[in-house]
Amino acid sequence: ASISLIYDHDLLSRAATRGDGVVGDEITLNTKQIKSVPLSAKFSNYAIEQIEIRGEVLINKNNFKTYNDKLMEEGLPPFANPRNAAAGSLRMKDAAAVGKRNLEAFLYHVSWVGGATTDDRQPTNKDRRQTTDDGPLTTDHRLPTADNAAPATHSGMLQMLWELGFKSPKKEMLVVKGIDGVIAHIQEFEKLRDDLPYEIDGMVVKVNDLALQDKLGMTSHHPRWAIAYKFKARQATSKLLSVEFQVGRTGAVTPVAKIEPVLVGGVTVSSISIHNEEYIKEKNLMLGDTILIERSGDVIPQIVKSFPELRKGSETAIQFPVNCPVCSHQLFKPEGEAVWRCININCSAQVVERIIHFVSKDAMDIKSFGDANVRKFYDMGLLKDVPGVYELNFNDISKLEGFGKKSIDNLQLAIEQSKTQPLHRLIYGLGIRYVGETTAKTLANVVEHLLDFAAYDIEKLQQLEDVGVKVAGSIFRFFRDEENLQMLNKLEILGISLKNQKKQNTDNGLLTGETFLFTGTLTKLKRSDAEEMVEKNGGKIVSGVSSKLNYLVVGEDAGSKLEKAKKIPAIKIISEDDFIKLLPG
């Protein structure tokens, strides 16, 4: 589980999870229970006043086995894998209990440094900011240049962390010149992976020089100066025992293979999604088959193939159902698609899955309202649909085992706070087919009120960025469905905002209707601040160069985006100074 540590004047002041990349959970107290995380470190020896370090918390193989053995002795279910055990530990309410799990922390990246020297600093890895509910953790991303300054290389940073008492991957690290050295080291290290005390699925290759890292920069979601090399997936053989058919929130019927439990890369696998009817035919699967499985990226299990040559004659064909396994409604397969669907909107499986999606982290983010609670409340008749999330009877819930006053207070608070989530989260939470998080943001930016989409025809929807024929059709059908409109009206009555506050605040901005993209290194503004200025003044940030782009703002060392923009006459190519002149004041 990824963590971010802040040290202020040599003392650990804050720890946070990665969260969704913008907002993470505060885990300072829990992190202080991890013995390999120093509560203080002499960063002042390097003229560093404040520093953010990134890393991961893990449980090694031996400690994981010991802890699971203890759980089973107490009659409790063991953890399925170390990943879940580590991530869950960080969010525990009882900090003392965290210490009993023997977590370790590997710190492998310095994200930013703030030093006593304020002049002539050299930038490092600009525009990387971890934020929490309290806002940005820092606004400084630069290294001091004093004689005792922090190192100018990634390997030097790791050496510094090691010397200050952190557990960094110094022993596993190797600095090489040229790709041949990289390949040779990876090939040798893969042979040693089973000897390590923890599970890994590959190695990361990084540019060592921090100045070069800055020059290479980042895309919207990853650095250009680092890339992961994945080892060959772990494999094992098992027996296909049965197939269960599950119904998702969009009515898709997914077959799930139940296999003889087998250990693959430290995790016991007993269930594997086999996707659809065509997949079953392609893999030539039959009940009773011996199968080869692997964990893709050492995470997601999948069936590689069956072994027809090992069949004994007792194997039977997998029969795909004609009717929904939950509500018995006849299944339907749209033309050109591989998936069978239940089109009964009142199918209980779909209702439950829709609620689970609605309350999830990337949607309305209602903490303490996980899958298990949704299913429990639904089965007990306490929850029947999405609006029901805001109509829960907490007196009835208080009578359930495991729901004390604190648990109920936390759930009530999380539900209440979700009412003010931005419009794009609500749109994503509605589970409209083909509408992911990016499309949800696109939709949220074009209306003042969500129900405005009831007046949009398919042609108007297709004019929106990244909205094609299939997506437009799905959105059109959703907002033409009377039951969906009734649900949205009910949500609004219950206090959920269907208004786009951001649009209302920026419709009269100086940059309203204009699209912007930044390339190269800005010298007067941080890119994240510049993008925020665009949005505050009614403009929009786009992800790439196309005919939909109005302004390309060019900084130092601009690359391919500039060359591409020069070929499109409609794009205005401007400097950072020109951009600043466009802003008010």
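The values are calculated or read from the model by the stated rules, or taken from the named source; none is laboratory data. Model, not experiment: these values are computed from the prediction. Here Cβ is always computed from backbone atoms with ideal geometry, including for glycine, and neighbour counts include all displayed protein chains. Accessible surface areas use protein heavy atoms only, side chains included; no ligands, DNA or RNA. Shrake-Rupley method; radii C 1.70, N 1.55, O 1.52, S 1.80 Å.
Numbers at a glance
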| read-out | value |
| --- | --- |
| Nonlocal amide H pairs with H449, under 5 Å, H built at 1.01 Å | N500 |
| Fully extended contour minus Cα-Cα distance, from K232 to L196, at 0.36 nm per residue | 11.3 nm |
| Most to least packed among 483-493, 440-450 [average Cβ atoms within 10 Å] | 440-450, 483-493 |
| Per-q log10 I(q)/I(0), segment 452-585, q = 0.10, 0.17 Å⁻¹ (Debye; single scatterer per alpha-carbon; no solvent) | -0.46, -0.98 |
| Calculated FRET efficiency for the pair K215/L583, C-beta based, R₀ 25 Å, to 0.05 | 0.40 |
| Filtered trypsin sites (Lys or Arg not before Pro), segment 348-404: DSSP coil and at most 10 other beta carbons within 10 Å | K399 |
| Extension reserve of the V262-Q463 stretch, reckoned as 0.36 nm per residue once the Cα distance is removed | 67.3 nm |
| S497 paired with D481, simple spin-label distance in nm, labels 7 Å along Cα-to-beta-carbon | 2.7 |
| Stokes-Einstein translational diffusion, segment 1-106 - Kirkwood Rh over all Cα pairs, 1.306 mPa s, 10 °C, in µm²/s | 109 |
| Given K281/K312; K305/K470; K419/K470, the pairs whose alpha carbons are separated by over 24 Å | K305/K470; K419/K470 |
| Within the accessible area of segment 350-420 (1.4 Å probe), percent carbon and sulfur | 47 |
| Portion, in percent, of the accessible area of segment 463-585 that falls on carbon or sulfur, probe 1.4 Å | 49 |
| Estimated distance in nm for a label pair at K100 and T438, the labels positioned 7 Å out from Cα along Cα-to-Cβ | 4.5 |
| Estimated FRET transfer efficiency when R0 is 35 angstrom, pair K42-D362 (beta carbons, to 0.05) | 0.30 |
| Amide H contacts under 5 Å for G202, placed H, 5+ residues apart | F231 |
| Accessible area (Å², 1.4 Å probe, nearest 10) - S314 | 90 |
| J(HN,Hα) series, segment 448-453, from Karplus relation 6.51 cos²θ - 1.76 cosθ + 1.60, nearest Hz, glycine and proline x | 8, 9, 4, 6, 4, 5 |
| Given K441/K526; K367/K460; K70/K167; K171/K206; K405/K499; K540/K581, the pairs whose alpha carbons are separated by over 25 Å | K367/K460; K70/K167; K405/K499 |
| Sites R375 and N395 - FRET efficiency at Förster radius 22 Å, r taken between beta-carbons, to 0.05 | 0.60 |
| Chain lengthening between E26 and F403 when straightened (0.36 nm per residue, less Cα-Cα) | 133.4 nm |
| Centroid-to-centroid separation of segment 229-262 and segment 17-59 [C-alpha atoms, Å] | 37 |
| Under Karplus coefficients 6.51, -1.76 and 1.60, residue-wise ³J(HN,Hα) of segment 277-287 in Hz, glycine/proline x | 4, 5, 4, 4, 5, 4, 7, 6, 8, 9, 5 |
| Inter-label distance, nm, simple model (7 Å from Cα along the C-beta direction), K419/L11 | 3.9 |
| Per-selection Kirkwood Rh - segment 379-503 (Cα, Å, 1 d.p.) | 16.0 |
| Listed candidates (1) 51, 30, 19; (2) 40, 35, 27; (3) 44, 40, 17 - label of the one calculated as semi-axes √(5λ) of the Cα gyration tensor in Å | (2) |
| Neighbour-limited loop hits for chymotrypsin sites (Phe, Trp or Tyr not before Pro), segment 231-281 (at most 16 other Cβ within 10 Å; DSSP other than H, G, I, E, B) | F231 |
| Accessible area in square angstrom per residue, the chain, 1.4 angstrom probe | 52 |
